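Some notes on the structure that comes next.
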Amino acid sequence: MRWFSRSPRGSRATEVLPSPNIWYFQQAYEVENRAQDVDGEIWRVLREECDWTGRDVLDLGCGDGFHLPRFALDARSVLGVEPHAPLARDAAKRVQDLPNVSVREGRAQRLPVDDASVDVVHARTAYFFGPGCEPGLREAERVLRPGGAILIVDLDATSEPYGGWLRADLPHYDPAEVERFFDREGFRLRRVATRWRFTDHAALESVLKIEFSAQVAERATAEVRRRTVGSDVTLPVGYRVHTRIKPTGLVLPGHSASSGDPSSSSTSTSPRIV
Ligand SMILES: C[S@@+](CC[C@H](N)C(=O)[O-])C[C@H]1O[C@@H](n2cnc3c(N)ncnc32)[C@H](O)[C@@H]1O
């Protein structure tokens, strides 16, 4: 999680956080993306939270576009937004043969997107890391249609062993504070247990090296070697999925706006969305 550890203090005001992993080690990051979530658990949870079939999806901080083709399988349209120009170009290249996908250069704080024009804003390990991301949350709300969802996927630093390595590199990072922040902002939280699977130890090590300091990467490599049985190089990694649904109408005072499911708002007994 070097994107976070290398951010200077006060970086909350920084508009674009360089991600040392994908910005500088794009090939290793591709290996990481391919290794991640081999059982499709994150995709299963995302779809349970808000199905995008036939709808318009925005992937915010899309990097070089790894997740765009997956959304494109059943979304009506997919837009990738990415502030780092070289990555935005590579994302556009990746999806050049997919007619329902496009990519724009832009950032979370000023989305190059019309008001109320998408149904899902998805962001995976990008920008929405906790306190400080309020401008992006406001923008996401602006571009969502009523009933649409913002889906934020990030690593769960409380889940071992990966979370322990993250915390070793980020002694000031407070997972509970981050979770309280999203709770206050009206998000619900689901924890997702996944497995990363690599073709071999060299692939795993190339990824650990771009995510952690040399010392922690070494420790992590040794731990995985110890737990590896045969040639199956897998690693349990926990994620958080935070979801907030944009209300379909006025929210009455005293009622939360966070779980207004548009399909059930007329019969729901919880938040009153009118
Ligand atoms: C760790 S990468 C994840 C990329 C992609 N979501 C993925 O899962 O492959 C984080 C991405 O967030 C982007 N980013 C940094 N600052 C941003 C901002 N202000 N708005 C949107 N994206 C941002 C980075 O350029 C980088 O591509």
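Read-outs: derived from the displayed coordinates by stated rules, not from any lab. Predicted model, so just to flag it, every value in this text is computed and none were measured. Reconstructed Cβ throughout: ideal geometry from the backbone, glycine too, with neighbour counts over all protein chains shown.
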Exercise. Once the other residues with Cβ under 13 Å from the Cβ of Phe66 are scored (Lys, Arg +1; Asp, Glu -1), what is the net sum?
Worked result: -2
Problem set entry | Helix-only mean residue ellipticity at 222 nm for the chain, each DSSP H run of n ≥ 4 adding -39500 (n - 2.57), per residue, nearest 500 | -10000 deg cm²/dmol
Problem set entry | Long-range HN-HN contacts of His122 with modeled amide H, under 5 Å | Leu58, Asp59, Leu60, Leu151
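For Glu15 and Arg104, FRET efficiency with R0 = 22 Å and r from the beta-carbon atoms, rounded to 0.05?
0.85
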Seminar exercise, completed: Restricted to the chain, the DSSP antiparallel beta bridge percent, nearest 5, is 50
Exercise. So what's the stretch 33-186 giving for Rg/Rh, alpha carbon basis, Kirkwood Rh from the mean inverse pair distance?
Worked result: 0.96
Exercise. For the stretch 4-130, with the dipole built from +1 on Lys and Arg beta-carbon atoms and -1 on Asp and Glu ones, taken about the Cα centre, which of Ala126, Ala75, Ser102 lies farthest toward the positive end?
Worked result: Ala126
Seminar exercise, completed: For the stretch 119-179, the charge dipole (Cβ of Lys, Arg +1; Cβ of Asp, Glu -1; about the Cα centre) points to a positive end, and the Cα of Ala140, Ala176, Thr158 closest to that extreme belongs to Ala140
Problem set entry | Dipole moment magnitude, nearest 20 debye, the chain about Cα centre, only Lys, Arg, Asp, Glu C-beta charged | 260
Exercise. How high is the FRET efficiency between Thr234 and Ser213 when r is their beta carbon distance and R₀ equals 22 Å, given to the nearest 0.05?
Worked result: 0.45
Seminar exercise, completed: Computed on Cα atoms, Rg of the chain relative to 2.2 N^0.38 Å comes out at 1.01
Problem set entry | Extension reserve of the Glu48-Arg226 stretch, reckoned as 0.36 nm per residue once the Cα distance is removed | 60.5 nm
Exercise. How big is the stretch 64-147 on each of its three principal axes, counting only the C-alpha atoms and giving the largest first in Å?
Worked result: 36, 29, 19
Problem set entry | Neighbour cut-off at most 12 other Cβ (10 Å), DSSP loop, chymotrypsin sites (Phe, Trp or Tyr not before Pro), the stretch 41-70 | none
For this session: Pull up the DSSP beta bridges for the stretch 39-153 and report the antiparallel fraction as a percent, rounded to 5.
Result: 5
Problem set entry | Tail fraction, Cα-Cα pairs, the stretch 129-263, threshold 19 Å, whole percent | 59
Exercise. If you take the charge dipole of the stretch 190-252 about its Cα centre, with +1 on Lys and Arg Cβ and -1 on Asp and Glu Cβ, which of Ala193, Pro236, Ala217 is farthest toward its positive end?
Worked result: Ala193
For this session: Pull out the extension gain between Arg142 and Val38, defined as 0.36 nm times the separation in residues minus the alpha carbon to alpha carbon distance; nm, one decimal.
Result: 34.1 nm
Exercise. Among the trypsin sites (Lys or Arg not before Pro) within the stretch 36-115, which fall in a DSSP loop and have no more than 14 other Cβ atoms within 10 Å of their own Cβ?
Worked result: Arg76
Problem set entry | Dipole in debye (nearest 20) - the stretch 99-169, about Cα centre, beta carbon charges: Lys, Arg +1; Asp, Glu -1 | 180
Seminar exercise, completed: re the stretch 192-248: pairs of Cα atoms spaced beyond 18 Å account for a percent value of 43
Exercise. Separation between the Arg191 and Glu160 pseudo-spin-labels, each 7 Å from Cα along Cα→Cβ, expressed in nm?
Worked result: 1.2
Problem set entry | Environment charge of Ala140, counting only residues whose C-beta is closer than 10 Å and scoring Lys/Arg +1, Asp/Glu -1 | +2
